[in-house]
Amino acid sequence: MNSKEKILTAIKNNQPAQSGLPELQSFLKPDTEVLEKYINVLTAIGGVANVVNSYAEIENIIRQEYKEVQRIISLCKELSIPGEAGRDADAHELETVGLAVIPAQFGVAENGAVWVTDNILPQRVLPFITQQLAVIIKKENIVPTMHHAYKNIGNTDYGFGVFIAGPSKTADIEQSLVLGAHGPKTMRVFIL
Amino acid sequence: MNQGNKDHAALAERFNEDEPRVNWHDETLWWVRAKRDKAAHVLPEWEQLREAASQIKNNVLANLSEYLLQFEEKARANGVIVHWAADAKEHNEIVYNLLHANGISRVVKSKSMLTEECHLNSYLQTQGIEVIDTDLGERIVQLAEEPPSHIVLPCIHKKKEEIGAIFHEHLGTPAGNADPQFLTNAARLDLREKFLTRRAAMTGVNFAVAETGEFVVCTNEGNADMGAHLADVHIASMGIEKIIPQRNHLSVFLRLLARSATGQPVTTYSSHFKKPRKGKEIHIVLVDNGRSVQLGRADFRNSLKCIRCGACMNTCPVYRRSGGHSYHTAIAGPIGSILAPNLDMRKYADLPFASTLCGSCTNVCPVKIDIHDQLYKWRQVLVKEGYAPAAKKVAMLGMTFTLSHPGVYQFAGKAGRWVMNKMPFIVNNKLNPWYKQREMPEPPKQSFGEWYKKNRKDNV
């Protein structure tokens, strides 16, 4: 018997009696204050929220707030910032990216997260390797909880998907919170 | 770090030598526990979430073999390579063979308690493979040549000055600099170079979805993603109990995990790995290592529901005051104490006794494991199987005799009170473990039995 058969046989012999799955529908309660909640939570976890009315406004903020940044990559066609990071490029080459601007499918009010998949990302490492991260979501695409989030995701296909909630952080040294462990030191979310 | 063959009590004694440090450790973990409470109390549906999580995990245990097969089939269809390991040794060999076949001798690894359980690092090192732990806390204990002392906060036992000294020695930071911000940045720069140059990355797995064949890895630092997305080969090690039935169930677990662990609403990154990048490889190693045996122990099987949040450690009065290393096993604290005896009853016979059975662990557990009941049940199994320490056995026999003979019991109580009043030095000395790190309370003048007899008469 190989290991797989050995493991499965042992499990089958030891599995307890059948036990049903819970219904999760009751967790899908509507919430009208998602925008305010989203902004509060994102701020609390070290992110910055900007409610904006146009892509031009986003460009202005980027120009003002990231003056020092040498290399910016935008995956947002509506912005006049150059988009690069092609799908066939070497991921390691993104090491010098100072700011990545990426559109996200939706935001989650209860935890400040945004959902991004490799259908958007040409290189999966981009939102992690960049020194700073900016994300654009539509106001109407903020959902109350993770239950709503997975309802949105449904059975969509992707190779990689990620919830990103704030800048990379650690508190491993005496529980002192430090932003910018390995990933971005800042995260800004433009809410359009 | 050599801890010899010392048991929990002896190792805790060593930890307790430095009282201010114990107090600091205690208070830091209680602070994390308080953050957990705050995050949990914000959600009116918290108890329903725990119940839902518990039910999903019960369903997983009842259908584990089917879900594993379904997961394997879906993962294969996604282009992921699935391996099965019956024990730690087989897991380690699979990992080594994968690295060897790819001509890789240096890997980065994000946090995985399973690889700690399997002692993967030391095995790979003897095979000439360099492993760099990339979680900051794990990197610190790795440089200090110690195991993690907590599953979520690996170097919670270390003071920043000690970390500064470790970094000064290994990373060349200025002597005496113990600023967390500065030290974190030094580690960031050092580890970036590692991420960019290593061709293989290892990660753990928090959840694996049977329905889709994807798996989820949660980190705050982003180290799992930095490793996996820059490497040619990604090897993910997972215990077979990490399976959940449907993608939708992730909503329940991701809402509970970080809130229970650190009080955050969610970890910074919840990464869903489904397919490898073009031209790259993802391997998953499914590891049993005693789990299928635990599944057959009706009283203990639901310890396999654990999602490794660490809430039971943060709340445990014994863990907080004895430190993670005193448990001499990869997973410390209350949950570790019910998992470890399954692997080796003789070696870990002391752990179920390292508890006051206060039940706080059970109350905070996000998947409703009856941790303190299992600690109590393990004690009975261990004594019955003959693994209890000799001194404890003699003491228990003495107690059995005393408690079943009322006359002896009353005499013993009276004698004890008399001794503590008239000759305290007989008990207040180094030979009595109850006097270690604490003062005994003043003995009452009478027993409850005597008090009751007297007051009952007066009242009737």
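Just a few scattered comments:
- Beta bridge orientation in the protein assembly as shown: antiparallel %, DSSP, nearest 5: 30
- Pairs of alpha carbons in the stretch B:109-159 separated by more than 13 Å make up 54% of all such pairs.
- For the listed peptides A:101-112, B:126-137, B:398-409, a ranking on the average number of other beta carbons within 10 Å per residue, highest first, reads A:101-112, B:126-137, B:398-409.
- Highest-fluctuation residue, A:Ser54, A:Ser26, A:Ser80 considered, GNM on chain A with Cα pairs under 10 Å: A:Ser26
- Per-residue average of Cβ from other chains inside 10 Å of A:119-130: 4
- Using C-alpha pairs under 8 Å with a sequence gap of at least 6, the mean separation divided by the residue count of the stretch B:242-386 gives a relative contact order of 21 percent.
- What you get for chain B, charging only the Cβ of Lys and Arg (+1) and of Asp and Glu (-1), is a dipole of about 1260 debye around the Cα centre.
- Links that overshoot a 25 Å alpha carbon limit, given the list A:Lys29/B:Lys305; A:Lys185/B:Lys274; A:Lys4/B:Lys74: A:Lys29/B:Lys305; A:Lys185/B:Lys274
- Helical mean residue ellipticity (222 nm; -39500 (n - 2.57) per DSSP H run of 4+; nearest 500) of the protein assembly as shown: -13000 deg cm²/dmol
- Total charge dipole magnitude, the stretch A:128-192, about the Cα centre, Cβ charges on Lys, Arg, Asp, Glu only, Debye to nearest 20: 240
- D by Stokes-Einstein for the protein assembly as shown, Kirkwood Rh over Cα pairs, 25 °C, 0.890 mPa s: 93 µm²/s.
- Within straight-line reach of A:Lys67, meaning a Cα separation under 17 Å, sit the following aspartates and glutamates at least 8 residues removed in sequence or on another chain: A:Glu57, A:Glu59.
- Max mean-square fluctuation residue, GNM over chain A, Cα-Cα springs under 10 Å, options A:Ser19, A:Ser74, A:Ser176: A:Ser19
- Each residue of the stretch B:129-140 is assigned a 3J(HN,Hα), and the resulting list reads 9, 8, 10, 10, 6, 10, 5, 3, x, 5, 5, 4 Hz, derived from the Karplus form 6.51 cos²θ - 1.76 cosθ + 1.60 (θ = phi - 60°), x at Gly and Pro.
- With contacts taken as Cα pairs under 8 Å at a separation of at least 6 residues, chain A carries a relative contact order of 25 percent.
- Calculated on the Cα set of the stretch A:1-115, radius of gyration then Dmax: 23.2, 66 Å.
- Surrounding net charge for A:Thr156, when Lys and Arg each add one and Asp and Glu each subtract one, Cβ distance under 12 Å: 0
- Sequence-separation-based contact order of chain B, relative, with Cα cut under 8 Å and 6+ spacing, percent: 20
- Centre separation in Å (Cα based) which lies between the stretch B:66-109 and the stretch B:191-206: 16
- Expressed to the nearest 5 percent, the antiparallel share of DSSP beta bridges inside chain B is 20 percent.
- In order along the stretch A:126-137, the Karplus-derived 3J(HN,Hα) couplings, from 6.51 cos²θ - 1.76 cosθ + 1.60 at θ = phi - 60°, round to 3, x, 9, 7, 5, 5, 9, 10, 10, 10, 10, 10 Hz, and Gly and Pro are given as x.
- Fluctuation leader among A:Pro82, A:Pro167, A:Pro144 - chain A, Gaussian network, Cα springs under 10 angstrom: A:Pro82
- In this structure, the amide hydrogen of A:Phe106, modeled 1.01 Å from its nitrogen in the peptide plane, lies closer than 5 angstrom to those of A:Trp115, counting only residues at least 5 positions away or on a different chain.
- Residue (of B:Leu49, B:Ile132, B:His405) at the positive-pole extreme of chain B, dipole from beta-carbon charges: B:His405
- Per-peptide average of other Cβ atoms within 10 Å, ordering B:54-62, B:356-364 highest first: B:54-62, B:356-364
- The lysines within cross-link reach of B:Lys453, meaning a Cα-to-Cα straight distance under 28 Å and a gap of 8 or more places when in the same chain, are B:Lys414, B:Lys422, B:Lys445.
- Exceedance of the 28 Å cut-off in Cα-Cα distance is limited, within the set B:Lys6/B:Lys109; B:Lys109/B:Lys160; B:Lys35/B:Lys392, to B:Lys6/B:Lys109; B:Lys35/B:Lys392.
- Given charges at Cβ of Lys, Arg, Asp, Glu: chain A dipole, positive-most of A:Ala17, A:Gly183, A:Pro167: A:Ala17
- Folded to 0 to 90 degrees: helix B:390-403 orientation relative to chain B principal axis, Cα: 40
- Listed values for the stretch B:215-227 are Karplus-derived 3J(HN,Hα) couplings in whole Hz (6.51 cos²θ - 1.76 cosθ + 1.60, θ = phi - 60°), namely 9, 10, 10, 10, 9, 9, 8, x, 6, 4, 6, 4, x, and x replaces Gly and Pro.
- Partnerless cysteines in chain B, where a partner means another cysteine C-beta under 4.7 angstrom, comprise B:Cys118, B:Cys155, B:Cys218, B:Cys306, B:Cys309, B:Cys316, B:Cys358, B:Cys365.
- Whole-angstrom gap from the stretch B:42-59 to the stretch A:1-52, using each part's C-alpha centre: 10
- Largest accessible area first, the listed residues A:Met187, B:Met420 line up as B:Met420, A:Met187 when surface is computed with a 1.4 Å probe on the assembled protein chains.
- Of every Cα-Cα pair in chain B, the percent that sits beyond 44 Å: 19
- Other protein chain C-beta atoms within 10 Å of residue C-beta, averaged over B:134-140: 3.
- Charge dipole (chain A, unit charges on Cβ, about Cα centre) - positive-most of A:Ile72, A:Asn111, A:Leu126: A:Asn111
- A simple charge model with +1 on the Cβ of Lys and Arg, -1 on the Cβ of Asp and Glu and nothing else charged puts the dipole of the stretch B:166-324 at about 400 debye relative to its Cα centre.
The values are calculated or read from the model by the stated rules, or taken from the named source; none is laboratory data. As the structure is a prediction and not an experimental result, all values here were calculated from the model. Methodologically, a virtual Cβ is constructed for each residue, glycine included, from the backbone with ideal geometry; neighbour enumeration extends over all protein chains shown. With ligands, DNA and RNA removed, areas are computed over all heavy atoms of the protein, side chains included. Shrake-Rupley method; radii C 1.70, N 1.55, O 1.52, S 1.80 Å.
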